[in-house]
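Just below is one structure, and these are the notes that go with it.
The values are calculated or read from the model by the stated rules, or taken from the named source; none is laboratory data. What you see is a predicted model, and the numbers here were worked out from it, not measured in a lab. Using ideal geometry, Cβ is built from the backbone for each residue, glycine included, and neighbour counts are taken over all protein chains shown. We work out accessible area using only protein heavy atoms, side chains counted, and drop any ligands, DNA or RNA first. Shrake-Rupley method; radii C 1.70, N 1.55, O 1.52, S 1.80 Å.
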Amino acid sequence: MRNTYIIFALFAILLLGNSNKLLAQSGQELVDICGMVAGDDATYLKDFQIKLEAAKPGEEPPRAAHSLVLSKNTKYRISICNSKDFPGEGIIQLYDNNRLLATNHIVATGKSYPSMEFKCTSTGVYHIFVTFKEGEQGLAVALLSFVERF
């Protein structure tokens, strides 16, 4: 009888131990969600999966950095989708060298948007930086999409 209780207890631990994994969002699920956020007029080009730990007190928030080549006379949309399993809200910044070109976060209001658009006027290497508001721990997908040529 005692062996039955032990086996039942082990089974319950295994089942409960794996329940978090069953409920967690995968990177692919976030990519799919972000594709819908980007809109029907956007064509998927590339995604960046970002997972950052929380900033320690007194330290700068961690950030993910990615470089990419964008083409002249092209309108791009960059969307971000945050995992519901982490507290962080993703902030995207697009740079050309040291110049901020676009962001989904308005500092003055503290409001963040799910996507931003950028009209590229010069072919070259651009840099995407992603952080999480207030240095919180986060998991997100940033999705680069083609919108149109102009």
Revision key, fill the gap. For segment 69-89 the number of residues that are in a strand (DSSP E or B) and open to solvent by less than 20 Å² (accessible area, probe 1.4 Å) is 7
Study note, to complete from the structure: Counted residues in segment 68-89 being out of contact with any Gly (no Cβ under 6 Å at 6 or more places or on another chain) and under 18 Å from Val141 (Cα atoms) come to 11
Check your understanding: Of all residues in segment 43-64, how many are touching a helix residue (DSSP H, G or I) at 6+ places or on another chain (Cβ under 8 Å) and small (Gly, Ala, Ser)?
Key -> 2
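Which residues, counting only those in segment 100-129, are hydroxyl-bearing (Ser, Thr, Tyr) and buried (at least 17 other Cβ atoms within 10 Å of the Cβ)?
As a first pass, look at segment 100-129 and keep what is hydroxyl-bearing (Ser, Thr, Tyr): 103, 109, 112-113, 115, 121-123, 126.
Hits for segment 100-129 are Thr103, Ser112, Ser115, Tyr126.
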Review point. Between a first residue in segment 19-39 that is within 18 Å of Val147 (Cβ to Cβ) and modelled with pLDDT of 70 or more and a second residue that is open to solvent by 90 Å² or more (accessible area, probe 1.4 Å) and not aliphatic (A, V, I, L, M), which pairs have beta carbons less than 7 Å apart while being 6 or more apart in sequence or on different chains?
Key: Gly35/Tyr44
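Which one is least open to solvent (accessible area, probe 1.4 Å) among residues in segment 130-150 that are hydrophobic (A, V, I, L, M, F, W, C) and over 13 Å from the mean Cα position of the chain (by Cα)?
Going through segment 130-150, the residues hydrophobic (A, V, I, L, M, F, W, C) turn out to be 130, 132, 139-144, 146-147, 150.
This time we only want the ones that are over 13 Å from the mean Cα position of the chain (by Cα), so: 146-147, 150.
Values: Phe146: 60, Val147: 22, Phe150: 103 Å².
The extreme case among them is Val147.
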Review point. Which residue pairs have Cβ atoms under 6 Å apart, sit 6 or more places apart or on different chains, and have a first residue in segment 61-77 that is over 14 Å from Tyr95 (Cβ atoms) and a second that is of a type in the set (Gly, Ala, Ser) and in a strand (DSSP E or B)?
Key: Arg77/Ser115; Arg77/Ser145
Check your understanding: Would you say Ile80 is at pLDDT 95 or above, closer than 20 Å to Cys120 by Cβ and of a type outside the set (S, T, N, Q)?
Key -> yes
